[in-house]
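Scroll down for the structure; my scribbles are underneath it.
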Amino acid sequence: MTWGVLLMAYGTASGPEDVERYYTHIRHGRPPTQGQLQDLLNRYEAIGGASPLFAITQAQGQALQTELDTRHGPGQFQVALGMKHSPPFIAQAVQNLAAVGIDRAVALVLAPHYSKMSVGTYLDEAQAALRELRTPMRLNVIRSWADAPGLIELLHRRIAEVRHRFSAAEQQNLPIIFSAHSLPSRILSDQDPYPHELRITGDLVAQSLGTTHYTFAWQSAGRTAESWMGPDILEKLTLMKRDGFSQAIICPCGFVSDHLEVLYDLDIQAHQHALSLGMHVERTRSLNDDPGFIRFLADLVELRTQ
């Protein structure tokens, strides 16, 4: 019997003409002001006009399908992509699986750290779609993979790779900043596991590298009136410079793909801030559709079918 794989990601605007719809969806139906919209358009323009996220997610889904077919033979797994904020939406992906008779599926969000406000909302949407369809499909959920050995190994390799961009002298005093998307500070009072899960990932990667020279930062906080978790990556760089550091590796381990938060918030905004401080900062490459990452995702899926 065929297993479904509900592979979920954030989604993105398909192009400049889609940005307002996309932003309105993120804001739960509240259209952005003209200033907010123009600011977002400017950021997209700075990274080439559009985010590569959906194309990367498609490539990840196709590669995962190929990997599972190679391991188990065609017809044993059916991968369906579901986006949170752009087509194909999560509900459509669930419907697509149900339409071909899938009655059991693995639900996997392309984000390693669980929060009720992030991964939890994807899983809630998937379950709501099942109720709406009144389908007998059962979801085997992967809530988190923050401490998965495969992830730790992939991040270890990314950091080891980027160290070569620094001089021998710089490598003698080269801290790592592990970053992830900030969330509203109110999650802390709810005992949300998200901050702890980021720390687990960073601790394990640092341990694998044999270093105690690392720290954590948040990034890409929403532009709302409420408080968001910090320190922000720009603030962290300022503090590190004040403390005598002139170089650092940024490992955005909360993200697996290139998108606006990586290509603009880190590669442009954080990089420019570092230059203004006189710091040499390099970012680790995103996992994207790296074959090793795809094999790791296939391993995760297989574990939830046992």
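The values are calculated or read from the model by the stated rules, or taken from the named source; none is laboratory data. All values derive from a computational prediction rather than experimental measurement. Positions of Cβ are generated from backbone atoms using ideal geometry, with glycine treated the same way; all protein chains shown enter the neighbour counts.
Pull up region 2-38, narrow it to residues that are touching a strand residue (DSSP E or B) at 6+ places or on another chain (Cβ under 6 Å) and over 20 Å from A55 (Cα atoms), then point me to the one that is surrounded by the fewest Cβ atoms within 10 Å (Cβ to Cβ).
T2
Here are the criteria: (1) touching a residue at least 60 places away in the same chain (Cβ under 8 Å); (2) in contact with a helix residue (DSSP H, G or I) (Cβ under 6 Å, 6 or more places away or on another chain). Tell me which single one P31 does not satisfy.
Looking at each condition in turn, P31 falls short on (1).
Is it the case that some residue within region 291-306 is modelled with pLDDT of 95 or more, under 21 Å from the mean Cα position of the chain (by Cα) and closer than 21 Å to Y44 by Cα?
For region 291-306, residues modelled with pLDDT of 95 or more, under 21 Å from the mean Cα position of the chain (by Cα) and closer than 21 Å to Y44 by Cα: absent.
I need every pair where a residue in region 43-54 that is assigned by TED's automatic domain parsing to the domain that holds Q269 and closer than 14 Å to T12 by Cα has its Cβ under 8 Å from the Cβ of a residue that is of a type outside the set (V, I, T) and at pLDDT 95 or above, sequence separation at least 6 or different chains.
The qualifying pairs do not exist here.
Scan region 275-299 residue by residue and report those that are in a helix (DSSP H, G or I), of a type outside the set (D, E, K, R) and in contact with a helix residue (DSSP H, G or I) (Cβ under 7 Å, 6 or more places away or on another chain). Before the answer, list the steps.
So the first thing to find is which residues in region 275-299 are in a helix (DSSP H, G or I), and the list is 275-277, 291-299.
Filter once more, keeping what is of a type outside the set (D, E, K, R): 275-277, 291-294, 296-298.
Across region 275-299, the qualifying residues are L277, G292, F293, I294, F296, L297, A298.
Answer yes if at least one residue in region 100-108 is closer than 23 Å to W228 by Cα and either without any contact (Cβ under 8 Å) to a residue 12 or more places away in the chain or surrounded by fewer than 20 Cβ atoms within 10 Å (Cβ to Cβ) (or both), and no otherwise.
First, pick out the residues of region 100-108 that are closer than 23 Å to W228 by Cα: none.
No: region 100-108 contains no residue that is closer than 23 Å to W228 by Cα and either without any contact (Cβ under 8 Å) to a residue 12 or more places away in the chain or surrounded by fewer than 20 Cβ atoms within 10 Å (Cβ to Cβ) (or both).
Quick grid of which residues meet (1) surrounded by 20 or more Cβ atoms within 10 Å (Cβ to Cβ); (2) under 21 Å from P112 (Cβ atoms):
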site	(1), (2)
D147	no, yes
Q171	no, no
R186	no, no
P193	no, yes
T201	yes, yes
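Does region 136-152 include one or more residues that are farther than 24 Å from L81 by Cβ and touching a residue at least 40 places away in the same chain (Cβ under 8 Å)? Before the answer, list the steps.
Of region 136-152, the ones farther than 24 Å from L81 by Cβ are 147, 149, 152.
With the extra rule that they be touching a residue at least 40 places away in the same chain (Cβ under 8 Å), the set shrinks to 147, 152.
Checked region 136-152: at least one residue is farther than 24 Å from L81 by Cβ and touching a residue at least 40 places away in the same chain (Cβ under 8 Å).
Among the residues of region 173-193, count how many are in contact (Cβ under 8 Å) with a residue 12 or more places away in the chain and outside any helix (DSSP H, G or I).
As a first pass, look at region 173-193 and keep what is in contact (Cβ under 8 Å) with a residue 12 or more places away in the chain: 173-188, 190, 192-193.
Subsequent filtering for residues that are outside any helix (DSSP H, G or I) retains 173-184, 192-193.
The qualifying residues number 14.
What number of residues within region 42-66 satisfy the criterion of being of a type outside the set (S, T, Y) and over 21 Å from the mean Cα position of the chain (by Cα)?
Start the filter on region 42-66 by keeping residues that are of a type outside the set (S, T, Y), which leaves 42-43, 45-50, 52-56, 58-65.
If we keep only those that are over 21 Å from the mean Cα position of the chain (by Cα) too, we end up with 42, 45.
Going through region 42-66 one residue at a time, the tally reaches 2.
Please count how many residues of region 238-268 are under 21 Å from S185 (Cβ atoms) and either hydrophobic (A, V, I, L, M, F, W, C) or in contact with a Ser or Thr (Cβ under 7 Å, 6 or more places away or on another chain) (or both).
Step one: filter region 238-268 for residues under 21 Å from S185 (Cβ atoms), giving 238-239, 252-255, 261, 265.
Still in the list and also either hydrophobic (A, V, I, L, M, F, W, C) or in contact with a Ser or Thr (Cβ under 7 Å, 6 or more places away or on another chain) (or both): 239, 252-255, 261, 265.
Number of matching residues: 7.
Kindly indicate whether any position in region 208-220 is closer than 28 Å to Q58 by Cβ and either at pLDDT 95 or above or among the charged types (D, E, K, R) (or both). Steps first, answer last, please.
First, pick out the residues of region 208-220 that are closer than 28 Å to Q58 by Cβ: 219-220.
Keeping just the survivors that are either at pLDDT 95 or above or among the charged types (D, E, K, R) (or both) gives 219-220.
Yes; the residues of region 208-220 include at least one that is closer than 28 Å to Q58 by Cβ and either at pLDDT 95 or above or among the charged types (D, E, K, R) (or both).
Per-residue answers, yes or no, for (1) surrounded by fewer than 17 Cβ atoms within 10 Å (Cβ to Cβ); (2) out of contact with any Gly (no Cβ under 8 Å at 6 or more places or on another chain):
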{"site": "F178", "(1), (2)": "no, no"}
{"site": "H181", "(1), (2)": "no, no"}
{"site": "S189", "(1), (2)": "yes, yes"}
{"site": "Y214", "(1), (2)": "no, no"}
{"site": "R223", "(1), (2)": "yes, yes"}
{"site": "K236", "(1), (2)": "no, yes"}
{"site": "M240", "(1), (2)": "no, yes"}
{"site": "C253", "(1), (2)": "no, no"}
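Here are Q60, Q78: which of them is among the polar types (S, T, N, Q), at pLDDT 95 or above, under 25 Å from Q306 (Cβ atoms) and in a strand (DSSP E or B)? If you could, list the steps in order and put the result at the bottom.
Details: Q60 fails: in a strand (DSSP E or B).
After applying the criteria, what remains is Q78.
Would you check if A169 is out of contact with any Lys or Arg (no Cβ under 8 Å at 6 or more places or on another chain) and in a strand (DSSP E or B)?
no
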